[in-house]
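Right, one structure below, let's go through it.
Each reported figure results from applying straightforward, stated rules to the coordinates on display, with no laboratory input. Remember, it's a predicted structure, so these values are computed and weren't measured experimentally. Cβ atoms come from the backbone with ideal geometry, glycine included; neighbour counts cover every protein chain shown.
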Amino acid sequence: MLAVNIGESADQIQQYMLKHKLTFPALVDPSSSVANLYGVRATPTRFLINRDGKAMAGSIGPRDWAGEDARRLIETLVDAGKTPRKG
C-alpha cells in the first residue's frame, strides 16, 4: 500500500497519518506528475498497480477495500500476475 497525495503539504500529510495511525508510506506529488501519469481526475482515486507499474484495477470515490468483493478482486489480479516457474 502506498499513498500519493496531490493536495496537501508534507506536514499536513504527516499529521493525518499520525492521527489515523496509518503505517504505509505517503508520498507528496506537488507537480501532479504521478496523478497525470495515471489519469487522476478526482480524489480519492485508487489503483491496484502491478510490478511493472501498470494499473490493473481502480476506483474513484469511497470503496470498501476490506470486504469480500475487494479481496476476490485482489486475489484474482495476483493470480493473473503469477508466471509459471520452470522446473
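A few remarks follow.
- Checking (i) 15.2, 51; (ii) 11.9, 34; (iii) 15.8, 49 against Rg and Dmax of the Cα atoms in Å calculated from these atoms, the matching label is (i).
- Phi to ³J(HN,Hα) by Karplus 6.51 cos²θ - 1.76 cosθ + 1.60 over region 61-75, Hz, x for Gly, Pro: x, x, 9, 8, 7, 9, x, 5, 4, 5, 4, 4, 4, 5, 4
- In the chain, a dipole from Cβ-located charges (positive for Lys and Arg, negative for Asp and Glu) runs towards its positive end, and of 42, 59, 28 it is 59 whose Cα lies farthest in that direction.
- Each residue of region 8-25 was assigned a 3J(HN,Hα) from its phi angle through the Karplus curve 6.51 cos²θ - 1.76 cosθ + 1.60 (θ = phi - 60°); the sequence is 10, 6, 4, 5, 4, 5, 4, 4, 4, 4, 5, 4, 9, 6, 8, 10, 7, x Hz, with glycine and proline shown as x.
- Computed over the chain: relative contact order in percent, which uses C-alpha pairs under 8 Å that are six or more apart: 20 percent
- Linear extension gain, residue 63 paired with residue 49, 0.36 nm per residue minus alpha-carbon span: 3.4 nm
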